[in-house]
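The values are calculated or read from the model by the stated rules, or taken from the named source; none is laboratory data. Predicted model, so just to flag it, every value in this text is computed and none were measured. All accessible areas refer to the heavy atoms of the entire protein, side chains included, with ligands and DNA or RNA removed. Shrake-Rupley method; radii C 1.70, N 1.55, O 1.52, S 1.80 Å.
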Amino acid sequence: NNKAQPSITSLMAISKALNTPIAYFFNQDDTQVHSPVLRSSERPVVHTKSGITYYLLSQKVEEAQIEMLYAEYEKGASTEVLHTHRGYECGIVLEGKLEVRMDEDRYILNRGDSITIPSTQPHDVINIYDGPSTAIWVNNPPTF
């Protein structure tokens, strides 16, 4: 109902408890006929309280082996805590600068840099740019 902006950690915990992909929480109209095309005006979106906005780029998350997310990070935004989930993820920074923490390791990603990590290892993402940053993330299996 767009009255709350949960953290990614909260969304992941709720989806895990309900055994439901996080995509369930995106605003979606299930009555429309599914197409392989997802129009930008129809893209499901989640705003987190920590300053990250995720746009789902892939269709039929429950049936797919991958999902794609476009992420916008406000200055200083982060996923808040080190978190884990099944599978692997790959991200590429389109604009700005992100720091990906994996336990004690820190990786600085500038525009055009990419990273592939096992999602089972505790990790988080922080926008360390002096302005907004954007990235695309691919998860296998779908997380959202």
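In whole percent, and with a 1.4 Å probe on the protein chains, what portion of the accessible area of region 65-144 is carbon and sulfur?
After summing per-atom areas, the C and S share lands at 50 percent.
Over region 82-144, what is the mean sequence separation of C-alpha contacts under 8 Å (at least six apart), divided by residue count, expressed as relative contact order in percent?
With pairs under 8 Å counted, the relative contact order is 47 percent.
So what is the diffusion coefficient of region 90-144 in µm² per second by Stokes-Einstein at 20 °C and 1.002 mPa s, using a Kirkwood Rh over Cα pairs? Display every interim value, and only then the final one.
Details: Rh = 11.5 Å.
Reported coefficient: 187 µm²/s.
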